[in-house]
Amino acid sequence: MDKCLAKRKAIMVLSEETIVDSSKQSRMEINLADLPTDPGLRLRIWDYNPNIRDEVRRAYLLKGPCQPRNHEFPYTNFGTKPRRFNPAWFDEFSTWLEYSVNQNAAYCLCCYLFKPNIGAQAGGDSFVGLGFKNWSKKEKLRIHIGGVNSAHNQAWSKCAILLNEQQHIEALTIKQPEQSNIDYKIHLNASIDCVRFLLRQRLAFRGHDESETSNNRGNFIELLQFLADHDKSIETVTFKNVAENLKLTSSDFQKAILNAVATETMELILSDIGDDFFSVHVDECYDVSVKKQMSVVVRYVDTRGHIIERFLGIEHVPNATSIPLKTALDDLFSRHGLSISNLRGQSYDGASNMQGELGGLKKLILDENRSAYYVHCFAHQLQLTLVLANAITVFEKNKLPKLSMNLI
Ligand SMILES: [Zn+2]
């Protein structure tokens, strides 16, 4: 409820100090002057879009910690003794200690702004989330500061760096000549477009010979060259017109963009699945370097009732026995926050390592979740049927004895 109120407060009318969060998921216009002051009513800093997060942090730092000194601090019983927040602590810990009138709890400003996002941040002595309320243990305030490398001191250093405009990344970029920034963006966008095109068309990126004298430098570089040949603004910022270390054509660069696209795609798939039930198809085979690998596809029903199948990824496994396959599947699930308790179906080929009743992957998963029903993969069934039909045709054509089903 408080969070909703705070969120509503954060969606403000435009003004000179307004910044726009232009993410696709949430379009918010935030007036920095109207950010909630009470630490118990604020949004978590990680709930702000990364594009505006530093602006919000700077606004809070410039405001300073919330220290309502004239408030009538309420008492809480600790054993037989009533205790309350002591406003004198504001003098002792003036740079970071905050008090929430709404929550009757103490908070730390720098930890709120920079403590790493570790999911639900519980109260206790953490001075974020639910805040600190143990008024009988004032020493916890000093313990919270900790040593040189404590979480609090690291957060404090980040606050100091953020406030130092000279070191701020935006200040550094502004120092760059404006035209070179524009050129770099044109170059980068053209390269990203090439990556997206090749991914959509499922084409290979690299060429056997990517040197400047090569007749075929691979799809990525050839496509970028094609764009440059047809667009003057791209031509002037690519290839021979940029510095040697700024060509954005290296394999490392291509992989970096690929990884970014893969991460974005995976996030979309996972957010589509949400906390709903899903099934998995798993199959394993050798790659071109004769390394065993396992491919995983998820199948689920989206919010509109459509059945969706999405490829989750390929995992290398030491061998194709059921235990390494199960371990790799567990790793994949934990990496992407998928729970095996939400698994409602599993589908493999008929091999014993997969559907074996005693030690197959199916059995290992059923031991953990009885609701993960097994279905023989229909594509494999079709393939077996076609092989059988073909074998029967060959036998009949050559007038061989009738084929026993058991031989197949
Ligand atoms: Zn702190």
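The values are calculated or read from the model by the stated rules, or taken from the named source; none is laboratory data. Nothing here was measured: the structure is a model prediction, and the numbers come from that model. Every residue, glycine as well, gets a Cβ built from its backbone with ideal geometry; the counts of neighbours run over all protein chains shown.
Would you be able to say whether some residue in segment 65-75 is surrounded by 17 or more Cβ atoms within 10 Å (Cβ to Cβ) and closer than 20 Å to Gln154 by Cβ? Checked against the condition, which is being surrounded by 17 or more Cβ atoms within 10 Å (Cβ to Cβ) and closer than 20 Å to Gln154 by Cβ, segment 65-75 yields at least one hit.
In segment 329-351, what count of residues is obtained for those that are touching a Ser or Thr at 6+ places or on another chain (Cβ under 9 Å) and without any contact (Cβ under 8 Å) to a residue 24 or more places away in the chain? Residues flagged as touching a Ser or Thr at 6+ places or on another chain (Cβ under 9 Å) and without any contact (Cβ under 8 Å) to a residue 24 or more places away in the chain within segment 329-351 amount to 1. Evaluation of Ala122 against the conditions (1) at pLDDT 85 or above; (2) out of contact with any Pro (no Cβ under 7 Å at 6 or more places or on another chain) shows that the sole unmet condition is (1).
Scoring Pro324 on the criteria (1) part of a helix (DSSP H, G or I); (2) closer than 23 Å to Asn259 by Cβ leaves a single failure, condition (2).
Per the listing Leu382, Leu329, Leu388, the residue uniquely closer than 26 Å to Leu268 by Cα and assigned to a helix (DSSP H, G or I) is Leu329. Is it fair to say Arg202 is exposed (fewer than 13 other Cβ atoms within 10 Å of the Cβ) and either assigned to a loop (DSSP other than H, G, I, E, B) or more than 34 Å from the chain's Cα centre (by Cα) (or both)? Here the answer is yes, as Arg202 does meet what is asked. Just a yes or no: is a residue in segment 251-261 within 30 Å of Glu309 (Cα to Cα), part of a helix (DSSP H, G or I), at pLDDT 85 or above and of a type in the set (D, E, K, R)? Scanning segment 251-261, I find at least one residue that is within 30 Å of Glu309 (Cα to Cα), part of a helix (DSSP H, G or I), at pLDDT 85 or above and of a type in the set (D, E, K, R), so the answer is yes.
Taking the stated definitions as given, is Ser233 assigned to a helix (DSSP H, G or I), of a type in the set (Gly, Ala, Ser) and in contact (Cβ under 8 Å) with a residue 24 or more places away in the chain? It is true that Ser233 is assigned to a helix (DSSP H, G or I), of a type in the set (Gly, Ala, Ser) and in contact (Cβ under 8 Å) with a residue 24 or more places away in the chain.
Here is the figure for segment 180-199: residues that are within 17 Å of Ser251 (Cα to Cα) and surrounded by 16 or more Cβ atoms within 10 Å (Cβ to Cβ) total 6. Screening segment 61-118 for strands (runs of 3 or more DSSP E) wholly inside it with 1 or more residues that are more than 36 Å from the chain's Cα centre (by Cα) and hydroxyl-bearing (Ser, Thr, Tyr) returns the ranges 76-78. Applying a threshold of 7 Å to beta carbon distances and a minimum spacing of six or more residues, or different chains, the list of pairs starting in segment 369-381 at a residue that is over 18 Å from Phe278 (Cβ atoms) and ending at one that is among the acidic types (Asp, Glu) reads His380/Asp349. Can you work out which of the residues in segment 269-308 that are surrounded by 15 or more Cβ atoms within 10 Å (Cβ to Cβ) and polar (S, T, N, Q) is farthest from Asn342 (Cα to Cα)? Looking at residues that are surrounded by 15 or more Cβ atoms within 10 Å (Cβ to Cβ) and polar (S, T, N, Q), I get Gln293. Scanning segment 234-253 for residues that are touching a helix residue (DSSP H, G or I) at 6+ places or on another chain (Cβ under 6 Å) and not charged (D, E, K, R) yields Ile234, Val237, Thr238, Leu248, Thr249. Can Leu203 be described as touching a residue at least 24 places away in the same chain (Cβ under 8 Å) and not assigned by TED's automatic domain parsing to the domain that holds Val298? No.
Only residues that are near the ligand (Cβ under 9 Å from one of its atoms) and at pLDDT below 85 were counted across segment 129-151, and they come to 3.
In segment 335-349, the residue that is modelled with the lowest pLDDT out of those that are closer than 16 Å to Ile269 by Cβ and either in a helix (DSSP H, G or I) or not assigned by TED's automatic domain parsing to the domain that holds His281 (or both) is Arg335.
Does segment 213-229 contain any residue that is in a loop (DSSP other than H, G, I, E, B), touching a Ser or Thr at 6+ places or on another chain (Cβ under 9 Å) and farther than 10 Å from His187 by Cα? Yes - at least one qualifying residue is present in segment 213-229.
Report yes if Tyr99 is under 26 Å from Trp46 (Cβ atoms), within 13 Å of the ligand (Cβ to nearest atom) and modelled with pLDDT of 90 or more, otherwise no. Answer is no for this residue.
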